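**Student:** My structure is below; once you've seen it, I'll send some questions.
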Amino acid sequence: MLTSPPPEHGLERAEGPLARALFGEPTGRTQRDGYPERSLRWVDHIPPGITVYCGHDRRSTDGRPYVRPGAAGGTAVFLDTGAGKGGHLSWIDL
């Protein structure tokens, strides 16, 4: 989805690449909180020089945004640090 804009979405249920971009690729396992576990394999496909900022996917274990470098040279930064559940508040100024 980095090379072309996503298809028009509207209010219908997202499917295929758009669903994976919005919600993440499920692994088939369930987390302790009952939500589906999401794979981070996509991070390895981020091109060099590209940083993807993600919200609403808590990966932080220490109150700081979780930064994960990918195999192709790009980076993903997960900004959800759990402020809604007693964790730290995080944000990014663009």
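The values are calculated or read from the model by the stated rules, or taken from the named source; none is laboratory data. In this text, all values refer to a predicted model and were calculated from it rather than measured experimentally. In this analysis, Cβ positions are derived from the backbone assuming ideal geometry, glycine residues included, and neighbour counts consider all displayed protein chains. Only protein heavy atoms, including side chains, enter the accessible area calculation; ligands, DNA and RNA are left aside. Shrake-Rupley method; radii C 1.70, N 1.55, O 1.52, S 1.80 Å.
**Student:** What residues have an amide H closer than 5 Å to that of C54, excluding those fewer than 5 places away on the same chain, when H is modeled at 1.01 Å from N in the peptide plane?
**Tutor:** V77, F78, L79
**Student:** May I pose another question? First compute the accessible area of the chain with a 1.4 Å probe, then give the percent of it belonging to carbon and sulfur atoms. Show your work: numbers first, answer last.
**Tutor:** On the way: 3940 of 7340 Å².
For the chain, the apolar C and S fraction of the accessible surface comes to 54 percent.
**Student:** Taking the alpha carbon gyration tensor of the chain, what are the square roots of 5 times its eigenvalues, largest first, to the nearest whole Å? Please list the in-between numbers first.
**Tutor:** Numbers: eigenvalues 94, 69, 41 Å².
Over the Cα atoms of the chain, the ellipsoid semi-axes are 22, 19, 14 Å.
**Student:** Normalising by the residue count of the chain, find the relative contact order in percent from Cα pairs under 8 Å and 6+ residues apart. Mind showing how you got there, number by number?
**Tutor:** Values: 139 pairs, mean separation 18.3, N = 94.
Here the relative contact order equals 19 percent.
**Student:** What is the antiparallel percent of DSSP beta bridges lying wholly in the chain, to the nearest 5?
**Tutor:** Values: 7 of 12 bridges.
Expressed as a percentage, antiparallel bridges in the chain total about 60.
**Student:** Counting only heavy atoms of protein chains, what accessible area per residue, in Å², does the chain have with a probe of 1.4 Å?
**Tutor:** Values: 7340 Å² over 94 residues.
Per-residue accessible area for the chain comes out at 78 Å².
**Student:** Tally Lys/Arg at +1 and Asp/Glu at -1 over every other residue whose Cβ is under 15 Å from the Cβ of G34; what's the total?
**Tutor:** Numbers: positive: R29, R32, R38, R58, K85; negative: D33, E37.
Value of the local net charge: +3.
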